[in-house]
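Working notes for the structure below.
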Amino acid sequence: MKGQKYCRILGTRINVTNMSDTINYITGHLEELRGRYICVSNVHTTVMAYKDPAYQKIQNHAAMALPDGKPLSLVSKIRGHRSADRVPGPDVMTEIFSISGKMGYTHYFYGSSQHTIDCLKETLKTKYPGLKVVGMVAPPFRELTPEEDEAAVKAINDAHPDFLWVGLGAPKQEVWMAAHEGRVNSLMLGVGAGFDFHAGTAKRAPSWVQEAYMEWLFRLIQNPRRLFKRYFQTNLEFIVLIVEEEIRRRAGVKDWCHSAGAVEERLKARTRAGKKPRMLIYAHYYYPDVASTGQLLTELAESLADKLEITVICVVPSYIGKVPGKYSDKAYYYESRNGVKIIRVRVPSYTKKQVTSRLINITTYFRRAIFATFRSGKQDYIFAISQPPVFGGILGVIGKFVKHAKFIYNIQDFNPEQVNAVEFTRSRAMISTMMLADKISCRIADKIVLVGRDMVDTLRARFPKDLPPYCIINNWIDEEEITPLPADDPGVVEFRENHGLTGKFVFMYSGNIGLYYDLEKIMRVLLRFRGRNDIVFAFAGGGAILDRLVEFRNTHHMDNVLFIPYQEKRRLIYSLNAADIHWVVNAKGIKGVSVPSKLYGIMAAGKPVIGLLEEGTEARMIIEDSKCGFVDDPGEEDSIERLIRKVLDNRDTLASMGMSGREYLVKNLSKQKSIERYFEEITN
């Protein structure tokens, strides 16, 4: 209608408005609006409309499409509509109810369940005693016959309501309103869950949660079974589609980096001025967290700090799940370490075995990392890793376009391929959405950095016709910091004594005790060695399945299986040297998806490897090329047992194997070589 402003989001016309203007418009044009309908739009309905042209046509034909979801008003603001604000459906109801006594408005409620309608009737009587309700109907949960529909329309029109509130849920309510436009003589407003909120049958998120863009998560926690697919998948799709739309929208902007070479000109200007190029790293974890990617990115950032001006966005120290007290009072913390600027974002504590807890932690990081991007100053390069899965790549894309910078995407793990390999979820819709999102991140990246030769095949499977620019740079360990130590070194002796390893032959697994390593199968095999008091199988670290392994050990009284907590980086040299041989394993199906970086630390310590890795994987090729251990395919329990016995029967060769691995690492996979490659690929 005339006099309204719109912002087109994924093809849907969303009103640029606020609550006051909306109420004034509705009340000032009520007679003109009779027989028409108003949609209350959110991320879910906007994505549905994007996918369904017929549904989008219904949305765009509405008298108004109000931005119920805060992300919609945010997109409008980003696109220049500074006055845009959220107009939630339940709040529109509240405002209209509040003035109805003075204005003499009448109301009819059509939708929801009989229980909700009954509760709503009592609540409205109590809260709005002067409200004139001329009808309340909960229609059956099926399509009405033509005769039933005609009777419903007649009942509504005979009651002469000014407002017909429709609570059938999206997309049903919008389809119903469009079908009844001109047949119903009232203004129709589709408010969905507004019935439940006003009836008290559903709890609405507190205002601070709504302002933090997290109302969807509040509702998801209340009803995860019904809403998980709707919110997780749809929200991720929305982010990806908005980024893609923004790329197209800005494609003609004169100074956009791809169209005018703005980054190159900016870099040349900084070089002429004697200034270092600037790089923003989305690290997720960073020093002092013990996550392997956090340690790698700490060393990368600090090693490049003399050549690049580096800013890191990461979470506050929390890899083990708990947030230290000193990081509990602010959303953002600004620090500096060894020439690197650090913006830490506060996230809630979590437990790795609880999916909801972990999801809240990740989405909080993702949201706050986006806001931290705007606090990070001008940047020339954006560097993001594939952690958290999919979200890491999306952050890189956002950073690229916010900062008009070149985007380097470092893929440590391919997802959803990794999730799919271990059957973490059977939802094909979720897998497809994750794949769509990460493929877009790959396509938008100026360069992809893979950490293994086998990962090229996975990238090629994603893009069989047009491979994005990529290079291969192996992960590393600081081989000058992690070195072989003699068995009588005081630190090694102390470590073995503290953890009950003295006088034993030690098989050690060190690192993330998670889903992708087939550790439960290994535990079943270790049961066959339960009586061997001369052997210890030690697991150092933590992760999602640690409790299951501990329970299995306790249930079966496996006294020669030990669990050791995560070790600080300064103690890593002693834990690595305390073992006689180390496990390097991946579950079957992880080929080309992930490279276990723990291998480099083991080789640096001059220790041999017992590997369960598919043929042709990066880690297996390194082990075979360096002759630093025994390796077999993952999967078969009998073959795992044979491999363990092979190690025990060849103890006299282990020392030379370990040193062979160390020599290979120093010659081919040193930290310095990898750092130099990164600088070349980033700045090339």
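The values are calculated or read from the model by the stated rules, or taken from the named source; none is laboratory data. None of the values given here were measured: they were computed from a predicted structure. Ideal geometry is used to build each Cβ from the backbone, glycine not excepted, and the neighbour counts take in all protein chains shown. Only protein heavy atoms, including side chains, enter the accessible area calculation; ligands, DNA and RNA are left aside. Shrake-Rupley method; radii C 1.70, N 1.55, O 1.52, S 1.80 Å.
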Practice item. Looking only at segment 397-445, count how many residues are in contact (Cβ under 8 Å) with a residue 40 or more places away in the chain, out of contact with any Ser or Thr (no Cβ under 6 Å at 6 or more places or on another chain), open to solvent by 20 Å² or more (accessible area, probe 1.4 Å) and not in a helix (DSSP H, G or I). Key: 5
**Study point:** So L467, is it at pLDDT 95 or above, not in a strand (DSSP E or B) and not small (G, A, S)
**Key:** no
**Study point:** Output for segment 527-544, where each listed residue is closer than 30 Å to K322 by Cβ, in contact (Cβ under 8 Å) with a residue 60 or more places away in the chain and touching a helix residue (DSSP H, G or I) at 6+ places or on another chain (Cβ under 9 Å)
**Key:** G543, A544
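Applying the selection to segment 480-499, what residues are outside any helix (DSSP H, G or I) and either exposed (fewer than 15 other Cβ atoms within 10 Å of the Cβ) or of a type in the set (D, E, K, R) (or both)?
Correct list: E480, E481, T483, P486, A487, D488, D489.
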Exercise for review: Please determine, by comparing only the residues of segment 78-112 that are in a loop (DSSP other than H, G, I, E, B) and more than 35 Å from the chain's Cα centre (by Cα), which one is surrounded by the most Cβ atoms within 10 Å (Cβ to Cβ).
Suggested key: Y105
**Study point:** Number of the condition not met by G452 [criteria: (1) closer than 16 Å to L562 by Cβ; (2) in contact (Cβ under 8 Å) with a residue 24 or more places away in the chain; (3) not in a strand (DSSP E or B)]
**Key:** (1)
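Inside segment 552-575, can you point out the residues that are more than 18 Å from M523 (Cβ to Cβ) and among the β-branched types (V, I, T)?
Across segment 552-575, the qualifying residue is only I573.
Within segment 145-158, how many residues turn out to be open to solvent by less than 50 Å² (accessible area, probe 1.4 Å) and farther than 16 Å from L187 by Cβ?
3
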Check your understanding: Applying the selection to segment 113-134, what residues are touching a strand residue (DSSP E or B) at 6+ places or on another chain (Cβ under 7 Å) and either assigned to a loop (DSSP other than H, G, I, E, B) or touching a residue at least 60 places away in the same chain (Cβ under 8 Å) (or both)?
Key -> I117, L120, L124, L131
Point to revise | 3 or more residues touching a residue at least 60 places away in the same chain (Cβ under 8 Å): qualifying helices (runs of 4 or more DSSP H) within segment 1-76 | key: 19-28, 43-51, 53-61
Study note, to complete from the structure: Expected output for segment 637-661 (first residue touching a residue at least 40 places away in the same chain (Cβ under 8 Å) and farther than 20 Å from A578 by Cβ, partner assigned to a helix (DSSP H, G or I) and open to solvent by 50 Å² or more (accessible area, probe 1.4 Å), Cβ below 7 Å, 6+ apart or cross-chain) is E637/R524; E641/R528
Point to revise | Members of segment 530-551 that are touching an Asp or Glu at 6+ places or on another chain (Cβ under 8 Å) and either surrounded by 18 or more Cβ atoms within 10 Å (Cβ to Cβ) or part of a strand (DSSP E or B) (or both) | key: I545, L549
Review point. Could you count how many residues in segment 605-627 are under 17 Å from S660 (Cα atoms) and touching a helix residue (DSSP H, G or I) at 6+ places or on another chain (Cβ under 6 Å)?
Key: 10
Practice item. Would you be able to say whether some residue in segment 643-660 is in a helix (DSSP H, G or I) and at pLDDT below 95? Key: no
**Study point:** Looking only at segment 509-543, and only at residues there that are polar (S, T, N, Q) and under 28 Å from the mean Cα position of the chain (by Cα), the one that is modelled with the highest pLDDT
**Key:** S510
Review point. Tell me, which residue of segment 37-59 that is out of contact with any Leu (no Cβ under 8 Å at 6 or more places or on another chain) and within 15 Å of W176 (Cα to Cα) is most open to solvent (accessible area, probe 1.4 Å)?
Key: K57
Practice item. Find the residue count for segment 344-374, including only residues that are of a type in the set (A, V, I, L, M) and either touching a Leu at 6+ places or on another chain (Cβ under 8 Å) or in contact (Cβ under 8 Å) with a residue 60 or more places away in the chain (or both). Key: 4
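In this structure, is I342 under 13 Å from C314 (Cβ atoms), modelled with pLDDT of 95 or more and within 15 Å of the chain's Cα centre (by Cα)?
no
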Point to revise | Restricting segment 373-396 to residues that are open to solvent by 10 Å² or more (accessible area, probe 1.4 Å) and in a loop (DSSP other than H, G, I, E, B), the residue that is farthest from K275 (Cα to Cα) | key: P389
Study note, to complete from the structure: Taking segment 421-431 and keeping only residues that are at pLDDT below 85 and in contact with a helix residue (DSSP H, G or I) (Cβ under 9 Å, 6 or more places away or on another chain), one is left with A421, V422, F424, T425, S427, A429, M430
Check your understanding: Name the helices (runs of 4 or more DSSP H) wholly within segment 159-212 that hold at least 1 residues that are open to solvent by 10 Å² or more (accessible area, probe 1.4 Å) and more than 28 Å from T364 (Cα to Cα)?
Key -> 172-179, 194-199
Point to revise | Filter pass, I477 being open to solvent by 10 Å² or more (accessible area, probe 1.4 Å), touching a residue at least 12 places away in the same chain (Cβ under 8 Å), of a type in the set (V, I, T) and within 30 Å of E302 (Cβ to Cβ) | key: yes
Check your understanding: Just checking, which of R230, R270, R248, R226 is assigned to a helix (DSSP H, G or I) and at pLDDT 65 or above?
Key -> R270
Review point. Just to be sure, is S510 touching a residue at least 40 places away in the same chain (Cβ under 8 Å), within 19 Å of P608 (Cα to Cα) and buried (at least 17 other Cβ atoms within 10 Å of the Cβ)?
Key: yes
Practice item. Working only within segment 457-474, note down all residues that are under 22 Å from L297 (Cα atoms) and surrounded by fewer than 18 Cβ atoms within 10 Å (Cβ to Cβ). Key: P469, C471, I472
Revision key, fill the gap. Among residues of segment 3-15 being closer than 17 Å to T45 by Cβ and not hydroxyl-bearing (S, T, Y), the residue most open to solvent (accessible area, probe 1.4 Å) is R8
**Study point:** Conditions (1) open to solvent by less than 10 Å² (accessible area, probe 1.4 Å); (2) within 28 Å of R548 (Cβ to Cβ); number of the one not met by G452
**Key:** (2)
